[in-house]
Structures are given as structure tokens and as C-alpha cells.
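Colleague: The structure under discussion is supplied below as C-alpha cells; questions concerning it will follow.
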Amino acid sequence: MARSVLLVDDEPNIVLSLEFLMKQAGYEVRVARDGEAALAAMVAASASCRSSAPIGRPAPSTTGMWRRPLRRMRATAR
């Protein structure tokens, strides 16, 4: 199975550039344009998710929404 990454950003040029680079590096890339879409994608893929690495700052409206699902994902991965 190919390694996969969920790329989350609301800036189309950043998404396009990073998606291209990640695909060139052999990753399967999924894209979410905002925090809510990212959260839904993470929850849907929680059984296969091995880690998460937030880079940069989350949008103010999504800062607290990550805690509970990430705890569930960590517990499921054990």
C-alpha cells in the first residue's frame, strides 16, 4: 500500500505545489480545503492513520475541534 498524506490548506497555490511534490515523492495525496473537511477525512481514515503532524497554525475556528477526534484516533491505533 502506498503511503498517504492528507494535505490541508485553503490556499490553492500552496495545495497545488505541495500536492505535486508529495506525489513525486510517492505519496497518495488527499486534499481538504478547510479544518472541517480535514477532520471528516481524518475520522473516516482513522483506522489506517498512523500519525498526524500539524504544520503552521490552525484556523481560530478549528483550534479546539481536533482534540477529541485525535484522542479517539490514538486510542484506536493502539
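The values are calculated or read from the model by the stated rules, or taken from the named source; none is laboratory data. Here the structure is a predicted model, which is why all the values come from computation and not from measurement. Cβ coordinates were reconstructed from backbone atoms using ideal geometry, including for glycine residues, and neighbour counts include every protein chain displayed.
Colleague: Name the pairs whose Cβ atoms lie under 8 Å apart, with the first residue in segment 4-17 and free of Cβ contacts under 8 Å to residues at least 12 places away in the same chain and more than 20 Å from Ala40 (Cα to Cα), the second in a helix (DSSP H, G or I) and of a type in the set (Phe, Trp, Tyr), and 6 or more positions between them or separate chains?
Modeller: none
Colleague: Take Gly26 and decide whether it is of a type outside the set (A, V, I, L, M) and at positive phi.
Modeller: Considered against the rule, which asks whether it is of a type outside the set (A, V, I, L, M) and at positive phi, Gly26 comes out as yes.
Colleague: Considering only the chain, give the helices (runs of 4 or more DSSP H) lying wholly within it that have at least 3 residues that are among the polar types (S, T, N, Q) and modelled with pLDDT of 65 or more.
Modeller: The helices (runs of 4 or more DSSP H) meeting that bar are 12-24.
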